[in-house]
Structures are given as structure tokens and as C-alpha cells.
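The values are calculated or read from the model by the stated rules, or taken from the named source; none is laboratory data. None of these values were measured; they are calculated from a predicted model. Cβ sites come from the backbone with ideal geometry, for glycine too, and all protein chains shown count toward neighbours.
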Amino acid sequence: MKKGFPILTFLTFSILGFAQKIELEGTYQGKNIYVQNPASGTTSYCTEKVLVNGKEIAVSNSSAYEIKLDSLGFKPEDTIKIEIFHKVDCKPKVITQNYTPKGNFDLVSISVDSSAILHWISKNEINKLTYIIEQFCWNKWMKVGEVDGIGGIQENVYSFQTQPHSGKNQFRVKQVASGKPRISKIAEFEAPELKIKILGNQQKLSDVIEFNKETMYELYDHYGNIIRKGTGKKIDIKGLERSFYYLNYDDKYAETVTKFY
């Protein structure tokens, strides 16, 4: 009986439980396969032969060997069938690697249209990793959204609605795996002056900071700790102590506001 058995990240496969054969089927994900090969008797080892897509390949006659898929000309997502024939009195064991997928995509194009929608096309996505969308605001790159990656070697088309600020806007996408980011080039977009302002006296605030238009914002205390962030027309400051704060919004950086009462 055939059953799914996803023990390798780089090769999705099923195993057929025959007496003298292990069969693996799936798609190539850029990694080789390692096999423990126990002894059979005193002079030989368990594996008799290995077929890859019906063709016998040479493997080491030892207690462990590598099926070197990377030397056989496979491309990502190619279909692979591996058959490991072995003696009756023993059984080889496929070794699972502790492997984390790498961020791996080739950017074909990236741009922002007149509606502030970010578009990008990529290919050779070895793994289905999430794209993180970042915007350069207030002298730093900020995460503003996510889009699930499709995966595969074909060209994939993506889009994301951004929230631009006045003037020059910069966007990029990235994938992160094993703590290492893979970052796209930058797409730029020039927005008109949005004329966003704080309503009322920003030095005599009470329970709310209100803008005349929706905007991204960050609010910091005088120690530099961020206490509010988001997108909207209002920031709830009810319950904060009477003090001064630093506010980032639209293209404004570190403006001083005061909760007066």
C-alpha cells in the first residue's frame, strides 16, 4: 500500500513497502539524498543497486552513501523516481537532514503604478516562502505587509496595495530563511503632497491625536520607546501620562506632541 512520507524537505516522496525495494517519488528541490547502508553478512552491504528515473547510478559500497542528484542534470521541480534495491536480510535508511529552505528567487521586474500598487514578477522560487513588503519611512525600512509565495521555476506575478506618504516613496520585497534575507531591488514612486496635518493644538492634547486624513504613524515616548503604531486618522492616547511624545506620520519625522491633560 502506498502512503505519503514527507521526511525530506528537498524531496517530497512516498514509500512503497516492498520486501526488497524502497521507492521514492517527488520533485527535485536542489538537494542530494543520504542513505545509511547497513552490513549484510560479514563481507558486503545491504544496497544492491539504485535507479534514478529508471537508470542505474553508481553509489559507494560502504556503510553510508550519497545519491548525487545535483550531478544528474535535474532542474528545480523536475519529477524524480528513486528505487533502492536491497538484500532480504536488511534495509537501508534514508537520512533526514535538518535543512531550512533558503530564500531563493530571481526578480524579473518590480514597479509601483499610479494607484500606488506594488507589482513584481519573480521566477526560480525554489521554495514557497512568504514575501515581506517593506517601505522606507522615517529613515528606516518598515514591514508593511506580506504576500504568500507561489513557488516553482516559472514566472510568478504578485501585487500589493501600498499606503504612500507625501513625496518620494521606496518599496522592496524580501524573503527570509535561516535568518538570512534575500532582498529585491527598490521600486520608487513619487506621490503628491498629501497635506496631512494634526487637528487642534498638538501641544495640548487630551485623549486622542487626530489627523485630517488617514496616514501611517508611530508614537514614541521621551525615552524612545514606541507605544503606538499603525495606519488611521486617530491615535488613542487615553491613559498615557501627561508628557511630551515624538510622532512620525506621513513624511514628518519626530514631531513633538504633548498630552496636556
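Annotations
- Checking each residue in the range 164-212 for being in contact with a Lys or Arg (Cβ under 7 Å, 6 or more places away or on another chain), within 17 Å of M142 (Cβ to Cβ), in contact (Cβ under 8 Å) with a residue 12 or more places away in the chain and surrounded by fewer than 17 Cβ atoms within 10 Å (Cβ to Cβ) picks out P181, I186, E188.
- Top-ranked residue of the range 123-154 - restricted to ones that are of a type in the set (G, A, S) and either at pLDDT below 95 or not in a strand (DSSP E or B) (or both), ranked as nearest to A254 (Cα to Cα): G149
- The number of residues in the range 233-261 being assigned to a strand (DSSP E or B), within 37 Å of the chain's Cα centre (by Cα) and surrounded by 15 or more Cβ atoms within 10 Å (Cβ to Cβ) comes to 8.
- Pairing each residue of the range 45-57 that is among the β-branched types (V, I, T) with any residue that is not in a strand (DSSP E or B), provided the two are 6+ apart or on different chains, yields C-beta distances under 6 Å for T47/N37; T47/P92; V50/V59.
- Hey, Y217 over 30 Å from E125 (Cα atoms) and either under 22 Å from the mean Cα position of the chain (by Cα) or of a type outside the set (V, I, T) (or both) or not: yes
- Meets criteria (of a type outside the set (A, V, I, L, M, F, W, C), surrounded by fewer than 16 Cβ atoms within 10 Å (Cβ to Cβ) and at pLDDT below 90) for N53: no
- Total residues in the range 150-194, condition in contact with a Pro (Cβ under 7 Å, 6 or more places away or on another chain) and of a type in the set (D, E, K, R): 1
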